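Only one structure is covered here, and it is reproduced in the block below.
The values are calculated or read from the model by the stated rules, or taken from the named source; none is laboratory data. Since the model is a prediction, treat every value here as computed from it, not as a measurement. Note that we place each Cβ from the backbone using ideal geometry, even for glycine, and neighbour counts take in every protein chain shown. Ligands, DNA and RNA are stripped out before the accessible areas are found, and what is left, the full protein with its side chains, is counted by its heavy atoms. Shrake-Rupley method; radii C 1.70, N 1.55, O 1.52, S 1.80 Å.
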Amino acid sequence: MTPDSLRAALGGVPDPDWLDTALRRVTTEPTAITRLFPAVGRRCGRAALPDAPGWTADDAARVLLLTSLPGEHAAYAERLYQHGDAAERRAVLRALPLLPIGADGVPLLHDAIRTNDTRLVAAALGPYARHLDQAAWRQAVLKCVFSGVPLANVADLDTRADGELTAMLAALAAERHAAGRELPADANDLLHRLTAALPREA
């Protein structure tokens, strides 16, 4: 999603004037975002957005606030994440790929992946996860399997999956099979795809 598409999807928020004013305000008074960010759920609602599948109004509005900042995006993202509730943290994570911060937001991904909040884990593995090194990314994928986060949330899954992830999933599958359990269906499908792509021995 882009800021423009999110803005279009927010056309039916309960208080569009408040959102318009808030977006203009942060462009000239960046510190105002620390007060506006927590108020979004109350002023814009938390309903799912029909024109932005997988997004809610509060997620989208908070992302727009962050992208409207004139600068210091990484510093504000970190501050809002550290002081926010789960919904505010999720919005910060979803905003990261739209902010001009390079890899400066990676520590927030590491923090989110360590939590037991599946919403944060899923948000951390969106497009911005391209900045995770391969070892951390593999562990995050396994965290999804263990915690029940659908692998559909993992950006670039098939292109980043490698032989080591295949081995890790195979070991987990064997462990679960021995205990009379199976991998989640999406993890099992991924393992089959990865195994089928391995070169066959002569």
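Things to note:
- Between residue 79 and residue 159, the contour length at 0.36 nm per residue exceeds the alpha carbon distance by 25.6 nm.
- Accessible area ranking (1.4 Å probe, heavy atoms, ligands and nucleic acids excluded), largest first, for 168, 1: 1, 168.
- Computed from Cα atoms alone, the Kirkwood hydrodynamic radius reported for the chain is 18.2 Å.
- Computed from Cα atoms, the angle from the helix 57-68 axis to the main principal axis of the chain rounds to 70 degrees.
- Ranking 63, 21, 32 by Cα position along the charge dipole of region 1-71, where only Lys, Arg, Asp and Glu carry charges on their C-beta atoms, puts 32 farthest toward the positive end.
- Per-residue ellipticity at 222 nm, computed for the chain from helices alone with -39500 (n - 2.57) per DSSP H run of at least four residues, works out to -19000 deg cm²/dmol.
- Heavy-atom accessible surface of the chain: percent carbon and sulfur, 1.4 Å: 53
- The chain, accessible area per residue, ligands and nucleic acids excluded (1.4 Å, Å²): 50
- Working note: Karplus 6.51/-1.76/1.60 with θ = phi - 60° gives region 118-135 the couplings 5, 5, 6, 4, 4, 5, 5, 9, x, x, 5, 5, 4, 7, 6, 5, 4, 5 Hz, where Gly and Pro are set to x.
- Karplus 3J(HN,Hα) series, Hz, for region 90-95 with 6.51 cos²θ - 1.76 cosθ + 1.60 (x for Gly, Pro): 4, 5, 4, 4, 6, 7
- Close amide H contacts of residue 45 (hydrogens built in the peptide plane, cut-off under 5 Å, sequence separation of 5 or more or a different chain): none are found.
- Helix 16-28 axis, angle to the chain major axis (alpha carbon atoms, nearest 10°): 90
- Computed over the chain with a Gaussian network model linking Cα atoms closer than 10 Å, the most mobile of 86, 174, 129 is 174.
- Using the Cβ-Cβ distance between residue 193 and residue 51 with R0 set to 25 Å, the FRET efficiency from 1/(1 + (r/R0)^6) comes to roughly 0.20.
- Sparse packing (at most 12 other Cβ atoms within 10 Å of the Cβ) combined with a DSSP loop state is found for the following trypsin sites (Lys or Arg not before Pro) in region 120-202: 181, 200.
- Taking the charge dipole of region 68-142 about its Cα centre, with +1 at Lys and Arg Cβ atoms and -1 at Asp and Glu Cβ atoms, the residue from 77, 115, 102 reaching farthest to the positive side is 115.
- Label-point separation in nm, residue 31 to residue 4, each point 7 Å along Cα→Cβ: 3.4
- Taking the chain and dividing mean pair separation by its residue count, relative contact order in percent (alpha carbons under 8 Å, at least six apart): 14
- With all protein chains modelled, accessible area of residue 17 [1.4 Å, Å²]: 110
- Region 82-119-region 152-200 distance, computed between alpha-carbon centres (Å): 26
- For the chain, the longest principal axis of the alpha carbon atoms and the long axis of helix 163-178 meet at an angle near 70°.
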